[in-house]
Amino acid sequence: MKVCYIDESGLQLADPCLVMAGVLVDATRLNKAREDFSEILGNAEAVFGERLRELKASRLVGGHGGWRNIPLDDRRAIAERLCTWVVQKKHAVVVAAIRKDALASPPQHGAPPVCADPLLAAGLHLALQVQRLTKGTPSNKGKTFLVFDENKQKSDAMAELLWEPPAWSDAFYGKSRKESRLDQVIDSALLVKSHHAGLVQVADGFAYLFRRHVELNDFGQREEFIGEATWVHQQVSLLASRLPPRAHRWPARPTNDCARFYASLAPASLLTLGG
């Protein structure tokens, strides 16, 4: 059994791309992973100088709020630790990304109307990736809880979408007639407040780094600090080593409308990550 902790970055209207990332942890290693994050958070609090309610990557890396007076190198070191941790511990990372300028309403490629919402479209895509990745794992070891950061406006819709996924998505993971839809996902989306689940905060950090990579490379945004593009690329390259193969996200030659839909929305800088 596994648990995938999920958060998004890029939800503001001005953000050109919404990115959702997940940290997929085997249940037998979950307690150790949570302990590891508590240690990382404790080190961050020592740098910050007081207790942190949560570790928010946009503030940490961007030097916003109480982080503005903390040296850049110290802030980057905390984010780097999250990336090296997931590589060293060999947890899986999953990512979905929706270019908002490419998302039509109604959505193309036969997608259901609910997929006109970038957050819901990304959540379904992440669930489909987990399904495809864990399908066929013996002895129920692939069964997965999906734990999302709570979004008060969209949480109910996300839970309903994953409880009754559209038939349109069946071909993405090769569902057979005998299988139930998303049968590797246990129940539906589980929603938590990020400060209650440390690994959701890790997912937030990864989503932010992927988003900045997209903004800098696909949308030509300016660096927030000198050398940001190079530094972000280094961190994303680390995370890419823990991504499943590209075929689980955006197949190079999509053979069904669901895969075509998500490929049409993917930012170019993320397409080839993970092989």
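Derivation of every value follows stated rules applied to the coordinates shown; laboratory data play no part. Since the model is a prediction, treat every value here as computed from it, not as a measurement. As a convention, Cβ positions derive from the backbone with ideal geometry for all residues, glycine included, and neighbour counts pool all protein chains shown.
Give me the net charge of Leu162's neighbourhood, meaning all other residues with Cβ under 11 Å from the Cβ of Leu162; Lys, Arg count +1, Asp, Glu -1. Charge balance in the 11 Å sphere: -2. DSSP beta bridges confined to the chain are antiparallel in about 60 percent of cases.
Taking amide hydrogens as placed 1.01 Å from N in the peptide plane, the amide H of Ala92 sits under 5 Å from those of Leu24, each at least 5 positions away in sequence or on another chain. Relative contact order of the range 191-275: 30 percent, from C-alpha pairs under 8 Å at least 6 residues apart in sequence. In a DSSP loop and with at most 12 other Cβ atoms within 10 Å, the trypsin sites (Lys or Arg not before Pro) in the range 148-189 are Lys152, Arg177, Lys178. Here the scattering of the range 2-271 is modelled by Debye summation over its C-alpha atoms, one equal scatterer each and no solvent; at q = 0.10, 0.15 Å⁻¹ the log10 of I(q)/I(0) is -0.48, -1.10. With a Förster radius of 35 Å applied to the beta-carbon distance between Glu50 and Phe219, the computed FRET efficiency rounds to 0.50. The string of couplings for the range 171-180 from the Karplus curve (6.51, -1.76, 1.60, θ = phi - 60°) is 5, 4, 10, x, 4, 8, 5, 7, 7, 7 Hz, one whole number per residue in order, with x for Gly and Pro. Counting charges near Lys193 (Lys, Arg +1; Asp, Glu -1) among other residues having Cβ under 15 Å from its Cβ returns a value of -2.
For the chain, a Gaussian network of Cα nodes joined below 10 Å ranks Ile98, Ile40, Ile226 by mean-square fluctuation, and the top entry is Ile226. Couplings for the range 248-255, taken from phi via the Karplus curve 6.51 cos²θ - 1.76 cosθ + 1.60 with θ = phi - 60°, read 7, 10, 10, x, 4, 10, x, 10 Hz in order; Gly and Pro are left as x. Positive contributions from Lys and Arg (+1) and negative ones from Asp and Glu (-1), summed over other residues with Cβ under 10 Å from the Cβ of Gly62, come out at +3. What does the C-alpha gyration tensor say about the overall shape of the range 92-164? Classify as rounded when a/c is under 1.5, otherwise prolate if a/b is larger than b/c, or oblate. Cα axes put the range 92-164 in the prolate bin. Taking the charge dipole of the range 2-271 about its Cα centre, with +1 at Lys and Arg Cβ atoms and -1 at Asp and Glu Cβ atoms, the residue from Pro107, Cys258, Phe48 reaching farthest to the positive side is Cys258. In terms of packing, defined here as the mean over residues of other Cβ atoms within 10 angstrom, the peptides 262-268, 189-195 line up highest first as 262-268, 189-195.
Counting lysine pairs in the chain whose alpha carbons fall under 14 angstrom apart, excluding pairs fewer than 8 residues apart on the same chain, gives 13.
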